There are 2 protein chains.
Amino acid sequence: MNRTDRFLRACRGEPVDRPPVWLMRQAGRYLPEYRRVREGVAFLEMCRDVDRAVEVSLQPLELVGSEAVIFFSDIFVPVAGMGVDLDFRPGPVVADPIRSLDAVEKLSDPDPRESVPFVFEILRNLRAELEKHEVPLLGFAGAPFTLACYLVEGHGSRHFSVLKRMMYREPAVLRELLGRLTDMTVAYLNAQIEAGAQAVQLFDTWAGLLTPEDYRAWVLPCHQRIAAAVDRERAPLILYVQAGGHVVDGMIEAGPDVISLDWRLDFAEAARRAGSRVSVQGNLDPTALHASREEIFRRVRGIAEAGKAARGHVLNLGHGCHPDTPADGVRAFTDAARALATG
Amino acid sequence: MNRTDRFLRACRGEPVDRPPVWLMRQAGRYLPEYRRVREGVAFLEMCRDVDRAVEVSLQPLELVGSEAVIFFSDIFVPVAGMGVDLDFRPGPVVADPIRSLDAVEKLSDPDPRESVPFVFEILRNLRAELEKHEVPLLGFAGAPFTLACYLVEGHGSRHFSVLKRMMYREPAVLRELLGRLTDMTVAYLNAQIEAGAQAVQLFDTWAGLLTPEDYRAWVLPCHQRIAAAVDRERAPLILYVQAGGHVVDGMIEAGPDVISLDWRLDFAEAARRAGSRVSVQGNLDPTALHASREEIFRRVRGIAEAGKAARGHVLNLGHGCHPDTPADGVRAFTDAARALATG
């Protein structure tokens, strides 16, 4: 079974020999090879540099044995295309936070193929290269709620109080902003699929900060619209929520092909809930990549066993790879996935 | 029913007219009256200043209608008593992080009544004052795992990778450190009870970063030892874990009187699990204090309804009050609790 087939079948809940494996933020600072390519290049510059982005996207294939490639970029790349002035220091910082209906209405609404053409060039180049290896290519986007967190707050935050205040006090502004971001996200993901992405992941990093009730009111409708409008015939949709153990039912209800879960939940129970409705992705604690090879193998076996309760399982971390991760740990993780085939 | 009776009965699961209410971090920067007393005084200095600490501890009684008083201090106060050189900028920063057995063994093991006598003077003064008002006095301590997170990492962190690496790579060092901190915590809480605390809360802010399996291996044994050794006849024990929705069963199993939960879980389901075994505390999202008075009342009614599935319920936030919280929102929260009595 080649890597593309295994991955796409697992996403759709069709029989496979063993779970495929890749890692969120797998091209990154933990790889010296990445740091060399990145040296002296600003982060957004790197996202726009087609050759460099292609090069670092491909590194994890050989270096750590990943079995899928996600293109190197950032969730804010298409937002910059909407006319938002943003910088990375190193987290995203928005020069003029969006806090009024007026500011929302000033956002431009360009065709992403024109505003960020380099994204699709990166994808086309990667797809051509990956066809030779029979490895699947993943696209991705930040989910509307998470993008809104930064756009309203102006920067990262532990609690996103400004965003939450808008939710309670100016719901119409937030609703309009989420609507605009949802439209953009649909267009952006479909353009990625058009350019060769064989699956797409939606990252809702901060939606897990909400109560189950607020998640249903604010996040679920965005996810549902995206799940309904993305070209799922051509590319399955993976939905990730960080620390989303309390919103698993809502994630399933949104109707993606795969829900991607972090380690702060009972993975077996979540897989049971997913059942025949969606596949699951996850969920090793990224810090566990510091453990011994034996311990990583033991944990992967446990996760794979738990994942069997769902119709399909893609092995992954529960969160992006940290910069201080040892590459040996990442290699042990992908090796452990391959060892599952032989029992 | 006076406030002390209502609070202690709710903790022990005895019948009450309505849930009592207080807030974590209720004496703090959101109150101008607090900022005035605090002005020009370093944080640890403020914790050692008996008169000032008593004054700010009492402020929330009148200013926002809290129905219990927790003494003003910090979870690191007794750790400083163990010979750790630490500073607040504004989070705790440890000059020499503890990363070896040698460093653990160098920690001193003083009687807290001698190393931090001011804590007990604060408690005695508060108790004398609160007796007049029939308001309960709460003591508290940081839980061993959370203290260890900072002591090993050296400072706050989103992932506490250094601590986690120790967990995987040098379990004996971490086990020894947790053991020492558990002993200290038991002595510290019992001395607080001796000095007049009528209930004590254990804050395990970071234990929710663990998988359910790692929580059982590393955190549960500490909580169990503390629950067994604290003088519960005289003061019920409340156990708080931030973002601990995935470890509720473990929290119950530790055997405290009350589990304190944050808003990122299904509170009704958690209360059902608590059932007749423990009471529950929580769980308003602190950012919801930005909402309108009507919306705060609506949320409190929902939380109170959900809490009925447990043997007892103490109304609280799911996390400490943020510095940008409007005092009006806090007042609406405690008013909403009182309104529950009349339906």
Item checked: helices (runs of 4 or more DSSP H) (entirely within segment B:263-343) containing at least 3 residues that are touching a Phe, Trp or Tyr at 6+ places or on another chain (Cβ under 9 Å) and either more than 14 Å from chain A (Cβ to nearest Cβ) or farther than 22 Å from A:Tyr215 by Cα (or both) -> B:327-342
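Please determine, by comparing only the residues of segment B:259-280 that are β-branched (Val, Ile, Thr) and in contact with a Leu (Cβ under 7 Å, 6 or more places away or on another chain), which one is surrounded by the most Cβ atoms within 10 Å (Cβ to Cβ).
B:Val280
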Note to self: For segment A:49-66, give me the residue count where each residue is buried (at least 24 other Cβ atoms within 10 Å of the Cβ) and either under 19 Å from A:Ile238 (Cβ atoms) or among the β-branched types (Val, Ile, Thr) (or both).
What the structure shows: 4
Margin query: If B:Lys164 meets every condition in (1) of a type outside the set (A, V, I, L, M, F, W, C); (2) more than 18 Å from the chain's Cα centre (by Cα); (3) away from chain A (no Cβ under 12 Å) apart from one, which number is that one?
Written below: (3)
Check: Quick one: in segment B:239-262, which of the residues that are in a strand (DSSP E or B) and out of contact with any Pro (no Cβ under 9 Å at 6 or more places or on another chain) is farthest from B:Val314 (Cα to Cα)?
Finding: B:Val241
Margin query: Which numbered condition in (1) under 23 Å from A:Trp263 (Cβ atoms); (2) under 21 Å from the mean Cα position of the chain (by Cα) is the only one that B:Arg169 fails?
Written below: (2)
Margin query: Given the criterion more than 21 Å from A:Leu151 (Cα to Cα), surrounded by 24 or more Cβ atoms within 10 Å (Cβ to Cβ) and either among the aliphatic types (A, V, I, L, M) or without any contact (Cβ under 8 Å) to a residue 12 or more places away in the chain (or both), identify the matching residue among A:Ala229, A:Ala254.
Written below: A:Ala254
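Can we say B:Ala235 is in a loop (DSSP other than H, G, I, E, B), crowded, with 21+ Cβ neighbours inside 10 Å and away from every other protein chain (no Cβ under 14 Å)? Before the answer, list the steps.
On the way: in a loop (DSSP other than H, G, I, E, B): yes; crowded, with 21+ Cβ neighbours inside 10 Å: yes; away from every other protein chain (no Cβ under 14 Å): yes.
Criteria met by B:Ala235.
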Next item on the list: Give me a count of the residues in segment B:196-218 that are more than 13 Å from chain A (Cβ to nearest Cβ) and under 26 Å from B:Tyr168 (Cα atoms).
Entry: 3
Notebook entry, point to check: under 18 Å from the mean Cα position of the chain (by Cα) and either hydrophobic (A, V, I, L, M, F, W, C) or within 26 Å of B:Leu8 (Cα to Cα) (or both), is that true of B:Val41?
Noted result: no
Item checked: Criterion (within 23 Å of the chain's Cα centre (by Cα) and within 13 Å of A:Ile226 (Cα to Cα)) met by exactly one of A:Leu181, A:Leu177 -> A:Leu181
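Rule-based calculations on the coordinates, nothing more; no lab input. Owing to the predicted nature of the structure, the values given are computational and were not obtained by experimental measurement. Ideal geometry is used to build each Cβ from the backbone, glycine not excepted, and the neighbour counts take in all protein chains shown.
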